[in-house]
Amino acid sequence: MRTGLVGLGIGLALADSSVVTLALPDILRQFDVEIPTVAWVLTSYNLWLALAAVPAAYVARRRPVPAFAAGTLVFAAASLACALAPSFGVLVGARCVQAVGGALVVCAALDLLTEIEGSDTRAVRTWAAAGILGAALGPAIGGILTETLGWESIFLAQAPLALLTLAAAFRLRVRPIVEPAGRPSIPANLALLLLSGALTAALFLLVLLLVDGWRMDPAVAGIVVTVMPLAAIATAAVADRLGNTVTRAATGVVLVTGGLTALGVLPGSAWWWTVVPQILVGAGLGLALSALTERALHGRSPQAVHGGWTIAARHAGVVLGLLLLTPVFTTALDRNEDRALRAGAAAVLDSRIPPLEKLGVAQDVLAIVRASDREVPDVRGAFADRPDTPEYRGLEDELVSQLDRAVTAAFSRPFLLAALLALVALVPIVVSRKAVSV
Amino acid sequence: MRALPLVVAVAVACTLVGAYVALGGTSYEPSPVANPCAPRPPRPTDGTGERVEVVLLAAADGTACRLGVSREELVLALRSVDDLDALARKEGKSRDELEEALRAGLVRAVDEGESQGLIGGTTADGLRFAADHLPLGLLLSILRGASSLLG
């Protein structure tokens, strides 16, 4: 029971790094901000979690239970502030406070789990699994809540759930750790940083592709991306049988790289093309993150401090991923918009609709494109009042197809860049393979 | 034995990526536009409107070929003199060069259209006069509405 509640606290805090991904368009509209600005709702949380994790871990090792309780209260209060934020500035400010609370919860939770489970190894596995589940389920849960109850409901739901986890700390006595902290594992944390940067693509870009690119309903997209956490859960259940941490980490990295590469070469623009790549990424996530976390913590004391380093590395990786991939994605989107316009113009010019109508269709399509303001335009609107003949339907389908191709191609480079980041994570894993034999 | 999961992972990843590439994953992008300098397959025409359209598209091809741009880029730039100026700047051409190419391309296409019997002598004379003498802004307006004027 206590394990489940502590796991819930960890999951909530780490889910927040991605939970608002599907809510960003609604937040953008409500506060009337630009796309690069609204991304700070995500970036600020991950940045502050990365910055606060190690200091929070130092606090948590001396007084784990009060640190867990204080972190939970701060996290819950800041979640409420996010839900009720009257302005965008207040929302981002509350997200920063929420991240500091989350850092305290996650780091203190490791010491609590060690006490509850009675074993360092089991505590680390539970801690890592709860974090992976939270991070992987975040976009799906956020998408479903946003679509059904509005983006504020994500934060409103978190506050009572977070307070519920306080029961785990009730009358729990955890011995404070006073010995000095040893050096963190550089290779394992570096691999975690690179892999987390790559997983940003899987979690954020995939959701953007489904909802903003392919115009899927956010709730349905939320369900589609649950493939990834399901694969992670299934893999985590058998991970122990797949060898030591080096083998599991390397296997996981290869699967993530393969899945992301496949997402970079999608042969169509239907959701089912993403299912198998998601399975690979999810399986890789389940194997690599837990193995690297175990590797970073193995034989190191105190656990909370080294756990703090892994959280700092992972969320610094998410920030790195966001900063690296966003400009690549934006440039690719602009380039492909031009290509789509030319392909669309060719489709109109070569179509068999009456010559007099071509100009009107072209003007209507261009007006929709101009009004879309960096969102993917819905060109079907240009055909709403036109005759329902095979010629018009053919041209409409061709224009939609060219648009889908352009959007999918725009996501290709960021996914491939993310795959490269994941692949580079193999270097510290291989270099350090003989340093620790776990 | 210890490396077996890794070997399986590499095999699975390579198989998936290979399958997606084989299914056209690397070429799933907007269709490339045709080379304006290459001849296009003839298309059947029905009525004056479609015949004038064929002549104007041939004019667009000829002009785009001479300027080194695609027909579609040129047609999109025909929306206004400002768009045409932007295209000229992008291609490193002067406004005069672009205007000259546009007028010459139109006259050549009208000549060809007339010789092939696609348009009549009166229509051809009207288009040639417009190409040679009208200010660019007015010429663009006529090109955009040519079908309705002449159809």
_Alpha carbon centroid spacing (whole Å) that separates segment A:401-434 from segment B:33-93_ = 39 Å
*Which whole-Hz ³J(HN,Hα) couplings does segment A:240-253 yield from phi under the Karplus relation 6.51 cos²θ - 1.76 cosθ + 1.60, θ = phi - 60°, glycine and proline marked x?*
4, 7, 9, x, 7, 5, 5, 4, 5, 5, 5, 4, x, 4
*Taking the simple approach of a point 7 Å from Cα along Cα-to-Cβ for both B:Glu91 and B:Ala3, what is their distance in nm?*
5.7 nm
*asked:* Can you compute 3J(HN,Hα) from phi for each residue in segment A:280-292, using the Karplus curve 6.51 cos²θ - 1.76 cosθ + 1.60 with θ = phi - 60°, rounded to whole Hz and x for Gly and Pro?
replied: 5, 5, x, 4, x, 4, x, 7, 6, 5, 5, 5, 5
*Ordered by residue, what ³J(HN,Hα) values in Hz, to whole numbers, does segment A:379-387 give under the Karplus form 6.51 cos²θ - 1.76 cosθ + 1.60, where θ = phi - 60° and Gly and Pro are x?*
6, 5, x, 6, 10, 4, 9, 9, x
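Please give me the summed charge of the neighbours of A:Ser18: other residues whose Cβ is under 15 Å from its Cβ, Lys and Arg +1, Asp and Glu -1.
+1
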_Under the 0.36 nm per residue contour assumption, what length would be gained going from the current alpha-carbon distance of A:Leu73 and A:Asp217 to full extension?_
48.4 nm
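Report the full-extension gain for the segment B:Cys14 to B:Arg79: residue separation times 0.36 nm, less the Cα-Cα distance, to one decimal in nm.
On the way: separation 65, 0.36 × 65 = 23.40 nm, distance 4.75 nm.
Full-extension gain reported as 18.6 nm.
Since every read-out is calculated from the coordinates, none of them should be taken as a lab result. Worth saying up front: this structure is predicted, and the values here are computed from it rather than measured. All Cβ positions, even for glycine, are placed from backbone atoms using ideal geometry, and neighbour counts span all protein chains on display.
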